[in-house]
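Structure record follows, encoded as structure tokens.
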Number of protein chains: 4
Amino acid sequence: MTSSYTVSIDCQDQKGIVHRVTGVLFEAGLNVEEQGEFVDHLTNQFFMRTEVSGRIDHSRMAQALKEAAPPDATIRITPKGRKRVVVMVSKEPHCLGDLLIRHAYNDLRAEIAAVISNHLSLQELADRFGVPWHYVSHEGRSREEHEQELSPLLERYQPDYIVLAKYMRVLSGALVARYRERIINIHHSFLPAFAGSRPYHQAYARGVKIIGATAHFVTDSLDQGPIIAQDVIAIDHSKSPGQLIHAGRDVEKSVLAKALRLVFEDRVFVHQNRTIVFD
Amino acid sequence: MTSSYTVSIDCQDQKGIVHRVTGVLFEAGLNVEEQGEFVDHLTNQFFMRTEVSGRIDHSRMAQALKEAAPPDATIRITPKGRKRVVVMVSKEPHCLGDLLIRHAYNDLRAEIAAVISNHLSLQELADRFGVPWHYVSHEGRSREEHEQELSPLLERYQPDYIVLAKYMRVLSGALVARYRERIINIHHSFLPAFAGSRPYHQAYARGVKIIGATAHFVTDSLDQGPIIAQDVIAIDHSKSPGQLIHAGRDVEKSVLAKALRLVFEDRVFVHQNRTIVFD
Amino acid sequence: MTSSYTVSIDCQDQKGIVHRVTGVLFEAGLNVEEQGEFVDHLTNQFFMRTEVSGRIDHSRMAQALKEAAPPDATIRITPKGRKRVVVMVSKEPHCLGDLLIRHAYNDLRAEIAAVISNHLSLQELADRFGVPWHYVSHEGRSREEHEQELSPLLERYQPDYIVLAKYMRVLSGALVARYRERIINIHHSFLPAFAGSRPYHQAYARGVKIIGATAHFVTDSLDQGPIIAQDVIAIDHSKSPGQLIHAGRDVEKSVLAKALRLVFEDRVFVHQNRTIVFD
Amino acid sequence: MTSSYTVSIDCQDQKGIVHRVTGVLFEAGLNVEEQGEFVDHLTNQFFMRTEVSGRIDHSRMAQALKEAAPPDATIRITPKGRKRVVVMVSKEPHCLGDLLIRHAYNDLRAEIAAVISNHLSLQELADRFGVPWHYVSHEGRSREEHEQELSPLLERYQPDYIVLAKYMRVLSGALVARYRERIINIHHSFLPAFAGSRPYHQAYARGVKIIGATAHFVTDSLDQGPIIAQDVIAIDHSKSPGQLIHAGRDVEKSVLAKALRLVFEDRVFVHQNRTIVFD
């Protein structure tokens, strides 16, 4: 049975890598559907992403690629297919709603295994689409206590990725470390401008003429993780903070959706707090 | 002889202002070519900009508007026409070159009275267009010593506005105060992201997916003055800091040109470190 | 009881209109929340839109405005509030889904009275949100026969506006005339480029580097009605027609939502197949 | 002496091409600085662009690549370096001015060998930068007569590329054929919208909310050649055709500059009236 895979390799650059790696794929009789390479000349790091189709013997392929690539190489062979995700939300419905519509019409490249919230207000929305819902209140609890309930719940769903779709709580370093480069957040500003809370109010006070949104991997530095996608819209003086919040929602949801497409199609490498994206 | 004027009023909002002010213009028999109003509901401040044409008795009009508007009103009656500017530059030619081309083809709404630089490298460019050039070196001088030569030179040209077209030195608070809301700077980032020096290197290190430029009035807080215009371009991981600098130049010059058009057409009000722009 | 209204006036321009109209509003003791004027100098047409709040005697106000404005003026006094709309769809869920989420969270400025479709596939989506659904098949019917069922159904809901949210059938001239300037369509290209069918395939074949979407009022010239809003996204050679369709969906739904906000807030005038938008 | 080259290959796709071509480069001991591949799955055409540095024996490399690639392959080995161009203009200075500034500051990746115009008005601008200028009037001449003077002049300069920087005359099919895929035009609209003359007036009349510019290779179908780059800006109803023309200039010059960078860096393939751009 033929299948499709994404082969991702990154390592220190050296002469002949592409030749050797493509040789492995050629000898395995695979079709190359799409291929991209990039060398970061500042750090001499090489990145290669190849979509192949054909019959593949996973362990033989892994071994052959390991021999072809330098010893420091990170090699991933990922079958194409829907990822398994848990979505976390607080009170705002626009990103969750957008994800649920995409999910319902097979446009998310992922299975939403569950929605988890620290509020009750969006339960009705998840219910409309028949997606499992969990309420994990943070009221009167420390972050540790909250995560003592949250972590096993996440664990239970074995998600490939966790999507923070306007989840307004900070996760602990331990939880972030557990899902390294697997938690994606949508921040409601054009980072690094207006990190932290109430970015639209900050944007109003500063009088900017453009606002935006940023999807990034979560690290233990708040709003400092590797940026996956950003977009902006022009505004003018006439918009109040409330109108900025409203206008920003459309950007937030489209940037989050774009970032998820890139990540779920295995198009994103992380290198030194930056992303390399083959799109 | 009929002429054109821009009438600008700002004051605390109250009922009937537009009615009373337009009554003054109507009774003077003026044609209203373009009019805009805005109320900032957070501070209850009212702004009105009207382009009129017709015969105008300046002092009578000023008096009539003063009587029609509330006592706290700031009223300006500005004849339409080319402003008088001094352009200050350091070493980069792209913004100055763009301004000189526009100037030569009557597309700047301003007369460039002179170009002043702390370097010699752009003298040839100013010379090509026959624009007066002054070299005021900062080498081995304190800021005060430097401005002891610079200030009288500026004074001599009696500029309406000073344009910092990639001038890489910080002006003293005294000089900034002398030309309050009359010095326009182009900053090579999407402020408030990447204020300060080497913004493109900062942008590269942070891994942003969009870069931009900001034209703003200069205040004594570095890169913190009221923003007049901003624009951005999408980038990706493949661009080195040098390529970002290169790509950013086009945005810088178009944003600066846009901001100058707005200011030179008297379309910009400043209010609490924000601009109100009627475009 | 105080309420909010939008007063819209358009007529041939003449001196003193703003003064006279604002005089009426002032004497009625109304607060002006937002006001805009525009003169189209090519046709000498004047447009004015004012949001007022206060107690209003509708017929007296209409009479007073009629006396203050020129005889040719079109005057509308519209209470602020949710419009009543019918949404028509075919098979694609992304625009309808977006509208339903906004509707469910009070972000549409409109009541969706019903969804009507010539296909069955989106019934489940309307049902999820408890919105009335009607299936009016066009199979084996002429346009006239189809509209013999469709028209009374529309009539029954007494919609202020009809939203074609990816409705892939052409309406008859009679139906369009019945709802003049009240039917809004989202076209999946940057009009006037790629009017007609399969615009993304046209865009691919032409090799454009940017694609877009256009929301417009429907007239009896296909895809030629007054444009309300447009937006675009950059693409490159690597995108197949199918990927363009996918990428275009996000633009379609955000452009449609923007146009609906503008129309439902009574911000749009139509003049000679163009729109004047006060935003 | 080491040098840099761009190796461009396009042919029908088949398994193993990348492996064989990179094998040739590897065995020659070259460094791969940047590489991109693309397969157009609709036509099964393969494209590959590689920047290499090192000592190169041009004819041996050409032979080795020919043996490695399929028989139908088009192979180009181009030394990196400044192209030689002739710029043609009519009366508008903004694109020519921008090119001359870039040229003067080594930012064009090309040598402007000469400027040719059918009008006299821009001679002064070329003179300011000491670039050779030729006036070839079309007054009272047929296209053939005009080109009897123009063609030998172009020939004399042996240009790699001809840049039509707002040249408002149509070239004959013979001249276009002589410089196939080597004449680049900037069209002042977002093609295919508003092909032909007076696009900004067309855009005004149609009431579009976005205008743009398109840089494309010239073919013998007017404004129908392969598109290299496009960009747009948002506008609104308040802009007259004259203001659209003004606003459009900045887009025209930046789109032209972007297209020239791509072409002069050998980043552009043409395939079935579309461009494949490795950027």
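Annotations
- Other-copy label distances relative to B:Q12, 7 angstrom Cα-Cβ extension, nm: 4.4, 7.1, 8.3
- Relative contact order of chain A, pairs being alpha-carbon contacts under 8 Å that are 6 or more residues apart, as %: 15 percent
- Put a plus charge on the Cβ of each Lys and Arg, a minus charge on the Cβ of each Asp and Glu, and nothing anywhere else: the dipole of segment B:106-157 about its Cα centre is then about 100 debye.
- Cβ-based net charge around B:E147, under 13 Å, with every Lys or Arg adding one and every Asp or Glu removing one: 0
- Percentage relative contact order, segment D:1-140, counting C-alpha pairs under 8 Å, at least six apart: 24 percent
- The GluC sites (Glu not before Pro) of segment D:129-212 meeting both criteria, a DSSP state outside H, G, I, E and B (loop) and at most 14 other C-beta atoms within 10 angstrom of the site's C-beta, are D:E139.
- The trypsin sites (Lys or Arg not before Pro) of segment D:1-65 that DSSP puts in a loop, and whose beta carbon has at most 12 other beta carbons within 10 Å, are D:R55.
- In the C-D interface, the accessible area buried, summed over both sides, Å² (probe 1.4 Å): 2900 Å²
- Shape class for segment C:11-93, computed from the alpha carbon gyration tensor (a ≥ b ≥ c): oblate, with a/c not under 1.5 and a/b at or below b/c.
- Each other residue within a Cβ distance under 11 Å of B:A110 adds +1 if Lys or Arg and -1 if Asp or Glu, for a net charge of +2.
- Other-copy label distances relative to C:R82, 7 angstrom Cα-Cβ extension, nm: 3.3, 5.9, 6.7
- Heavy-atom surface analysis with a 1.4 Å probe gives the protein assembly as shown a carbon and sulfur content of 48 percent of its accessible area.
- By the helix-only formula, in which each DSSP H run with n ≥ 4 contributes -39500 (n - 2.57) and the sum is divided by residues, chain C has a 222 nm mean residue ellipticity of -10000 deg cm²/dmol.
- The protein assembly as shown - charge dipole about Cα centre, Lys and Arg +1 at Cβ, Asp and Glu -1, debye rounded to 20: 0 debye
- Between copies, the label points at D:R55 (set 7 angstrom from Cα along Cα-to-Cβ) are spaced 4.7, 8.8, 9.8 nm, reported in nanometres from shortest to longest.
- GNM on chain D, alpha-carbon springs under 10 angstrom: the most fluctuating residue among D:H187, D:H201, D:H19 is D:H19.
- Between C:A205, C:A259, C:A104, the residue with the greatest mean-square fluctuation in the GNM of chain C (Cα pairs under 10 Å linked by springs) is C:A205.
- Cleavage-rule hits (GluC sites (Glu not before Pro)) in segment A:1-81: DSSP loop, at most 11 neighbouring Cβ within 10 angstrom: none
- Taking segment A:62-165 and dividing mean pair separation by its residue count, relative contact order in percent (alpha carbons under 8 Å, at least six apart): 32 percent
- Pairwise Lys count, chain A - Cα closer than 30 Å, eight or more residues apart or different chains: 25
- Span-rule helices in chain C, defined as complete DSSP H runs reaching 24 Å or more along the axis (Cα) with Kyte mean at least 0.0: C:241-264
- Options C:L154, C:A229, C:Y179, ranked by Cα towards positive dipole end of segment C:120-279, top entry (Cβ charges): C:A229
- Threshold 10 Å², segment D:197-215 residues less accessible with all protein chains present than alone (1.4 Å probe): D:Y204, D:A205, D:R206, D:G207, D:V208, D:K209, D:I210
- Note on the protein assembly as shown: antiparallel DSSP beta bridges, both residues inside, total approximately 70 percent of the bridges counted.
- Chain C holds its axis-closest Cβ, relative to the rotation onto D, at the residue and whole-Å distance C:A193, 2.
- Summing charges over all other residues whose Cβ lies under 12 Å from the Cβ of D:Y167, with Lys and Arg as +1 and Asp and Glu as -1, gives +2.
- Rg and Dmax over the alpha-carbon atoms of the protein assembly as shown stand at 30.9, 92 Å.
- Rounded to 5, the percent of DSSP beta bridges in segment A:38-156 classed as antiparallel: 25 percent
- Taking B:S240, B:S53, B:S90 in turn, the Gaussian network model of chain B (Cα-Cα springs below 10 Å) assigns the largest fluctuation to B:S240.
- Separation in nanometres of the label points that stand 7 Å from Cα toward Cβ, at B:H41 and B:K15: 1.8 nm
- When +1 charges are put on Lys and Arg Cβ atoms and -1 charges on Asp and Glu Cβ atoms, the dipole computed for segment B:180-279 relative to its Cα centre reaches about 180 debye.
- Among beta bridges identified by DSSP and lying wholly in chain A, the antiparallel ones come to about 70 percent.
- Per residue accessible area of chain B, 1.4 Å probe, in Å²: 39 Å²
- Centre separation in Å (Cα based) which lies between segment B:48-117 and segment C:239-275: 37 Å
The values are calculated or read from the model by the stated rules, or taken from the named source; none is laboratory data. All figures in this text were calculated on a predicted structure; none of them were measured in a lab. No Cβ is skipped: glycine too gets one built from the backbone with ideal geometry, and neighbour counts run over all protein chains shown. The accessibility values were calculated without ligands, DNA or RNA, using every heavy atom of the protein model including side chains. Shrake-Rupley method; radii C 1.70, N 1.55, O 1.52, S 1.80 Å.
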